[in-house]
Each structure stands twice: as C-alpha cells, then as structure tokens.
Amino acid sequence: MTTEYQVRLDRNACDGVFACLVRDDRFVEASDGLATIDGSGDCSHEEREVNGKQLVTFTDDRLTAAKQAARACPVDAIDVLTEEDDE
Ligand code: SF4
C-alpha cells in the first residue's frame, strides 16, 4: 500500500551504530561516519536539514521498513511520522 510519511533523522543523536542501514537501505553512511537519509529516489521529496535534523517525505510502500529502522535505532535518532493516526 502506498502511503505518505515522513522520516526524520536527528544526526546529533546518531552515533553511527548502523542498525538502521540493514533494515532500510535508504539509510546510508555519510562521509562523517553518521547515518544520512538517501532522499534522491522518485518517491521522495522535501528534503530539509535544519540543526542536524534531516526530514524527507516519502510516498511509497516502504513505511514498514522505515519503522523497523526507527525501532532498531538504539538512540532513538529516527522518527517516522504518518498522518494515519489522525484518520
Ligand atoms: S541506528 Fe540510529 S544511531 Fe545507528 S546509524 Fe542509524 S540513526 Fe544512527
């Protein structure tokens, strides 16, 4: 099912454990050794980075993978935001 959701990554909190990478390959290692979100796909837009927080909106069927990555992060650096809760 295609859903619109946002993935937020707090790069200040990230400490490079990379548990997220194996759950969702849109998380990649940046040159500084921390995770970053690859928002370059056709299904993503609105990439912003403010104060180390990266926010990408995806419209695809990969919400579950994003949530698994968020759950796996030991420092809670990843949030997955959906509008489903409001419906
Ligand atoms: S799992 Fe969390 S701490 Fe580890 S690289 Fe991913 S965002 Fe960073």
Cα-centred dipole magnitude for the chain, charges only on beta-carbon of K, R (+1) and D, E (-1), debye, nearest 20: 380 debye
Which of SER31, SER40 has the fewest Cβ neighbours within 10 Å, and the rest in rising order: SER31, SER40
Sequence-separation-based contact order of the chain, relative, with Cα cut under 8 Å and 6+ spacing, percent: 44 percent
Proxy reagent accessibility, fewest Cβ within 10 Å first, across ARG23, ARG8: ARG8, ARG23
Rounded tilt (10° steps) of 63-72 against the dominant C-alpha axis of the chain: 30 degrees
Protection proxy ranking, peptides 66-74, 44-52, average beta carbon neighbours within 10 Å, highest first: 66-74, 44-52
Span per principal axis, largest first, for the Cα atoms of the stretch 3-86 (Å): 32, 22, 21
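A short reminder: the numbers here are calculations on the coordinates, not readings from a lab. Small disclaimer: the values here were computed from a predicted structure and weren't measured. Cβ coordinates were reconstructed from backbone atoms using ideal geometry, including for glycine residues, and neighbour counts include every protein chain displayed.
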